[in-house]
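The values are calculated or read from the model by the stated rules, or taken from the named source; none is laboratory data. Since the structure is predicted, the reported quantities are computational estimates derived from the model, not experimental observations. Counting neighbours? That spans all protein chains shown, and the Cβs are built from the backbone with ideal geometry, glycine included. Side chains included, ligands, DNA and RNA excluded: accessible areas come from the protein's heavy atoms. Shrake-Rupley method; radii C 1.70, N 1.55, O 1.52, S 1.80 Å.
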Amino acid sequence: MNVLIVVTHLLGTGHLSRALTLGRAFVETGHHVTVASGGFPAPQLPTHGLAFEQLPPLRSDGVDFARLLDKDGAVADDAYHSTRRNHLSTLLQSLQPDVLITELYPFGRRSLRAEFRALLEAAEALPRRPLVLSSIRDILAPPSKPKKAEDADAMIAAYYDGVLVHSDPKATTLDTSWPVSDLLAGKVHYTGYVAPPAVTPDPEGAGKGEILVSAGGGGVGDALYACAVQAAKAMPDHIWRILVGGSDAATRITQLSDPISPALLEPARPDFRAMLPHAAASVSMCGYNTALDLLQSGTPAVLVPFDAGKEVEQSLRARSLAPLPGFAVEPASTLTPDRLYAALHQVMQDTQRSLDGFEFDGARRSVEIAASLLGRQRA
């Protein structure tokens, strides 16, 4: 199969990370994959083994996902969006893919609906129409109005052959966060979680006994980092390593530093997953990829879900993890150094949670589903 995956991450890098993991699973089974990324470059994410196409990048203006900024930080104008659409159209015509996967759309990225619709219409017009799939995480941002769900259903009915839900339904089903109509239910395929293989712990013990504080690869999390800098003063017997994401990490590290605190601040590290199994505990937000890293490593964790701009996805996910041993949830709105210290003390004393019981091979299963649906389409 020749596969094209189209993704635009606007704030963090989780969407791109998941798309790349999915792409590598296709490559590992002998297929050719191109990932077209419309977000800002994320050099910490490996792209080896697949073709990677960078579109003129966009990012959101903070948590305002309707206000999109171009590579220079200005509001993207019609010409900039037109350039992106033309880039995608040219790529589609060149590749003539057997399978087209849109990450998150039409359940999100409504600010890019003109771009995605143009892509889908171009795919319909190809000499041989590709199998078209939507790829979504376990929990979505619930629609604020019924019309948003109705519009998504209309797009699914018009253009899509299936929806890959990257969740283990034993843990979370799509209706936890999104209204599932009869039409949508007929096209849903649960894949299990899309996670990279469980990482081998760092052979030199990097992260051993440390409190690892992270907020993903994007430029968010300063309030969490600042709280951790202060909480570290109450736990001088542990090294606190605060990994700051974003392209401006160096500047923000300088702003966050406190000479009295023992916390170590440094840019986000590509070996974070290998450090995690050695850590005494993790303090993080609760994005999809972070949650899977924690489930795979078994590391005790305090979850501070991202909830700015009325975001509820991470809070719903954290709530689903809270009953498991070694997890504590602290809302960002009430987080203080004392509360963080108390939550860490709790999870570090808790029972070690089992690493079994969840399906993490969603990328491989996605390949199987796509191959089966394509075979049925072309039979």
Discussion item. Every residue in the stretch 240-250 that is open to solvent by 10 Å² or more (accessible area, probe 1.4 Å) and modelled with pLDDT of 95 or more, please.
Written reply: Arg241
Worksheet item: Which residues, counting only those in the stretch 73-100, are part of a loop (DSSP other than H, G, I, E, B), under 27 Å from Ala370 (Cα atoms) and under 26 Å from the mean Cα position of the chain (by Cα)?
Response: Pro97, Asp98
Practice prompt. Name the single residue, out of those in the stretch 311-326 being over 15 Å from Thr351 (Cβ atoms) and not hydrophobic (A, V, I, L, M, F, W, C), that is most open to solvent (accessible area, probe 1.4 Å).
Written response: Arg319
Practice prompt. Could you grab the pairs with beta carbons closer than 8 Å, sequence gap of 6+ or different chains, first residue in the stretch 128-139 and without any contact (Cβ under 8 Å) to a residue 12 or more places away in the chain, second one surrounded by fewer than 24 Cβ atoms within 10 Å (Cβ to Cβ) and not in a strand (DSSP E or B)?
Written response: Arg129/Ala123
Practice prompt. Would you check if Pro41 is free of Cβ contacts under 8 Å to residues at least 40 places away in the same chain and in contact with a strand residue (DSSP E or B) (Cβ under 9 Å, 6 or more places away or on another chain)?
Written response: yes
Discussion item. I'd like to check which helices (runs of 4 or more DSSP H) are fully inside the stretch 277-379 and have at least 1 residues that are closer than 25 Å to Asp222 by Cβ and in contact (Cβ under 8 Å) with a residue 12 or more places away in the chain.
Written reply: 288-297, 313-321, 337-349
Practice prompt. Output the residues belonging to the stretch 98-123 that are farther than 23 Å from Lys148 by Cβ and open to solvent by 10 Å² or more (accessible area, probe 1.4 Å).
Written response: Asp98, Ala122
Discussion item. Condition (residue is aliphatic (A, V, I, L, M), part of a loop (DSSP other than H, G, I, E, B) and under 19 Å from Gly245 (Cβ atoms)) applied to the stretch 61-68: is it met by at least one residue?
Written reply: yes
Worksheet item: Which of the residues belonging to the stretch 58-79 are in contact with a strand residue (DSSP E or B) (Cβ under 6 Å, 6 or more places away or on another chain) and either open to solvent by less than 30 Å² (accessible area, probe 1.4 Å) or under 18 Å from Met155 (Cβ atoms) (or both)?
Response: Leu58, Leu68, Leu69, Ala76
Response to the item:
The correct count of residues that are modelled with pLDDT under 95, crowded, with 16+ Cβ neighbours inside 10 Å and hydrophobic (A, V, I, L, M, F, W, C) in the stretch 288-310 is 5
Worksheet entry | Qualifying residues in the stretch 362-372 (those that are within 11 Å of His189 (Cα to Cα) and aliphatic (A, V, I, L, M)) - the one surrounded by the fewest Cβ atoms within 10 Å (Cβ to Cβ) | Ile369
Worksheet entry | Residues (of a type outside the set (A, V, I, L, M), open to solvent by less than 10 Å² (accessible area, probe 1.4 Å) and within 21 Å of Val367 (Cα to Cα)) located in the stretch 19-46 | Gly23, Phe26, Thr34, Ser37
Discussion item. Given the condition surrounded by 21 or more Cβ atoms within 10 Å (Cβ to Cβ) and over 17 Å from Thr299 (Cα atoms), answer yes or no: does some residue in the stretch 202-214 qualify?
Written reply: no
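Taking strands (runs of 3 or more DSSP E) that fall entirely within the stretch 113-227, which contain at least 1 residues that are under 18 Å from the mean Cα position of the chain (by Cα) and either at pLDDT below 95 or of a type in the set (Ser, Thr, Tyr) (or both)?
Numbers: elements: 131-137, 162-166, 188-190, 211-214.
Of the strands (runs of 3 or more DSSP E) lying wholly inside the stretch 113-227, those with at least 1 residues that are under 18 Å from the mean Cα position of the chain (by Cα) and either at pLDDT below 95 or of a type in the set (Ser, Thr, Tyr) (or both) span 131-137, 188-190, 211-214.
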Fill in: Residues of the stretch 1-17 satisfying the condition of being open to solvent by less than 10 Å² (accessible area, probe 1.4 Å) and not in a loop (DSSP other than H, G, I, E, B)
Val3, Leu4, Ile5, Val6, Val7, Leu16
Worksheet item: Quick check: is even one residue across the stretch 332-343 farther than 29 Å from Ala25 by Cα, charged (D, E, K, R) and modelled with pLDDT of 95 or more?
Response: yes
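Within the stretch 327-359, take every residue that is open to solvent by 40 Å² or more (accessible area, probe 1.4 Å) and among the hydrophobic types (A, V, I, L, M, F, W, C) and give me the one that is nearest to Leu100 (Cα to Cα). Please lay out each step first, then the result.
Just the residues of the stretch 327-359 that are open to solvent by 40 Å² or more (accessible area, probe 1.4 Å), to begin with: 329, 331-334, 336-339, 341-342, 345-346, 348-352, 354-359.
Filter once more, keeping what is among the hydrophobic types (A, V, I, L, M, F, W, C): 329, 332, 342, 348, 355, 358.
Values: Val329: 37, Ala332: 38, Ala342: 47, Met348: 44, Leu355: 33, Phe358: 28 Å.
That would be Phe358.
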Practice prompt. Give the residues of the stretch 133-147 that are closer than 22 Å to Ser315 by Cβ, open to solvent by 10 Å² or more (accessible area, probe 1.4 Å) and among the charged types (D, E, K, R), sorted by residue number.
Written response: Arg137, Lys145
Practice prompt. Of all residues in the stretch 48-74, count the ones that are at pLDDT below 95 and within 30 Å of Glu28 (Cα to Cα).
Written response: 2
Worksheet entry | Any pair with Cβ under 6 angstrom, 6 or more apart, that starts in the stretch 178-200 at a residue that is over 24 Å from Ala149 (Cβ atoms) and ends at one that is open to solvent by 70 Å² or more (accessible area, probe 1.4 Å) and in a loop (DSSP other than H, G, I, E, B) | Gly192/Glu359
